[in-house]
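A.B. asks: Structure incoming, see below.
The values are calculated or read from the model by the stated rules, or taken from the named source; none is laboratory data. These numbers come from a predicted model, not from an experiment. Note that each Cβ is placed from the backbone with ideal geometry, even for glycine, and that neighbours are counted across all protein chains shown. Heavy atoms of the whole protein, side chains included, go into the accessibility calculation; ligands, DNA and RNA do not. Shrake-Rupley method; radii C 1.70, N 1.55, O 1.52, S 1.80 Å.
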Amino acid sequence: MAEATNKIVADLRVKFGKGAARKLRVLGKIPAVMYGHGTTPVHVALPAHQIGLLLRRANAVLELDIDGESHLTLVKDVQKDPFLQIIEHLDLIVIRKGEKVQVEVSVHLNGESAPGTIADLDTKTLLLEVEATSIPQNLPVSVEGLEDGDQIRAKDVVLPTGATLISDEDAVVVFVHLPAEEEEEEEEQAEAAEGDAEAAPAE
């Protein structure tokens, strides 16, 4: 299936309020507001189906065609109906090519840790500063072969070229450990061994 283009023809909105927004959604459009870089906020209506496809990607960049003029924007906020999960409104930030923005990017685990261990994703997203037009879909992190007690911190995650880590570099992203029952058994065995050593008569 072909990926939806991020080039969107947007209609200017002149009517506002819940009633106007409801009528737009009936027509298959989503109300949105575009602002930033000292510009006056611009209210637009966007095609709902195309937007729904594009928002499957985090930190989507949209190129809006408003009356023949192109505007590059970053999706800042998505408001959804809490029950139907229908997109009700978008906030868009005006961006420039080459400009850097701060965005949260999801961490994606690859590989398998050592047999019998569990790799916990303790930090699901990292805050990065990246070029607005080169925001990564996710940050792949390999846990292949990691053993009990191993950790991966934010500073260990390989970032895309030109990206800067804003999150705490010492934040634990991945922690590898044994299942709880095995950990308890190991602790009990260690305590028993210590007890036997203390009880053993001195030579």
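A.B. asks: Quick one: is A48 more than 18 Å from T133 (Cβ to Cβ) and in contact with a strand residue (DSSP E or B) (Cβ under 6 Å, 6 or more places away or on another chain)? Don't jump to the end; show me each part of the working.
C.D. replies: Numbers: more than 18 Å from T133 (Cβ to Cβ): yes; in contact with a strand residue (DSSP E or B) (Cβ under 6 Å, 6 or more places away or on another chain): yes.
Yes: the conditions hold for A48.
A.B. asks: Further question on the same structure: Just one of (1) within 21 Å of K7 (Cα to Cα); (2) open to solvent by 50 Å² or more (accessible area, probe 1.4 Å); (3) of a type in the set (A, V, I, L, M) trips up L84, so point out which.
C.D. replies: (1)
To keep it simple, each residue is scored yes or no on (1) assigned to a loop (DSSP other than H, G, I, E, B); (2) open to solvent by less than 40 Å² (accessible area, probe 1.4 Å); (3) closer than 13 Å to N59 by Cα.
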site	(1), (2), (3)
Q102	no, no, yes
E112	yes, no, no
P115	yes, no, no
A119	no, yes, no
P140	no, no, no
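A.B. asks: So how many residues does region 152-166 have that are assigned to a strand (DSSP E or B) and either surrounded by 15 or more Cβ atoms within 10 Å (Cβ to Cβ) or of a type in the set (K, R) (or both)?
C.D. replies: Residues of region 152-166 that are assigned to a strand (DSSP E or B), as a first pass: 152-153, 164-165.
From the residues that got through so far, the ones that are either surrounded by 15 or more Cβ atoms within 10 Å (Cβ to Cβ) or of a type in the set (K, R) (or both) too are 152-153, 165.
Of the residues in that region, 3 qualify.
A.B. asks: Looking at H71, is it exposed (fewer than 15 other Cβ atoms within 10 Å of the Cβ) and either more than 21 Å from P136 (Cβ to Cβ) or of a type in the set (D, E) (or both)? Please lay out each step first, then the result.
C.D. replies: Working: exposed (fewer than 15 other Cβ atoms within 10 Å of the Cβ): no; either more than 21 Å from P136 (Cβ to Cβ) or of a type in the set (D, E) (or both): yes.
No.
A.B. asks: So is E147 part of a loop (DSSP other than H, G, I, E, B), out of contact with any strand residue (DSSP E or B) (no Cβ under 7 Å at 6 or more places or on another chain), open to solvent by 70 Å² or more (accessible area, probe 1.4 Å) and without any contact (Cβ under 8 Å) to a residue 40 or more places away in the chain or not? Write out each step before concluding.
C.D. replies: Values: part of a loop (DSSP other than H, G, I, E, B): yes; out of contact with any strand residue (DSSP E or B) (no Cβ under 7 Å at 6 or more places or on another chain): no; open to solvent by 70 Å² or more (accessible area, probe 1.4 Å): yes; without any contact (Cβ under 8 Å) to a residue 40 or more places away in the chain: yes.
So E147 fails the test.
A.B. asks: Considering region 88-98 alone, what residues qualify as being surrounded by 14 or more Cβ atoms within 10 Å (Cβ to Cβ) and either within 18 Å of the chain's Cα centre (by Cα) or not in a strand (DSSP E or B) (or both)?
C.D. replies: Answer for region 88-98, where residues must be surrounded by 14 or more Cβ atoms within 10 Å (Cβ to Cβ) and either within 18 Å of the chain's Cα centre (by Cα) or not in a strand (DSSP E or B) (or both): L90, D91, L92, I93, I95.
A.B. asks: Is one or more of the residues making up region 167-174 modelled with pLDDT under 95, among the hydrophobic types (A, V, I, L, M, F, W, C) and open to solvent by less than 40 Å² (accessible area, probe 1.4 Å)? Quick ask: steps written out before the conclusion?
C.D. replies: Going through region 167-174, the residues modelled with pLDDT under 95 turn out to be none.
For region 167-174, residues modelled with pLDDT under 95, among the hydrophobic types (A, V, I, L, M, F, W, C) and open to solvent by less than 40 Å² (accessible area, probe 1.4 Å): absent.
A.B. asks: Residue by residue through region 11-64, note down the ones that are basic (K, R), surrounded by fewer than 16 Cβ atoms within 10 Å (Cβ to Cβ) and touching a residue at least 40 places away in the same chain (Cβ under 8 Å).
C.D. replies: Within region 11-64, the subset basic (K, R) is 13, 15, 18, 22-23, 25, 29, 56-57.
Filter again for surrounded by fewer than 16 Cβ atoms within 10 Å (Cβ to Cβ), leaving 15, 18, 22-23, 56-57.
The one that is basic (K, R), surrounded by fewer than 16 Cβ atoms within 10 Å (Cβ to Cβ) and touching a residue at least 40 places away in the same chain (Cβ under 8 Å): R57.
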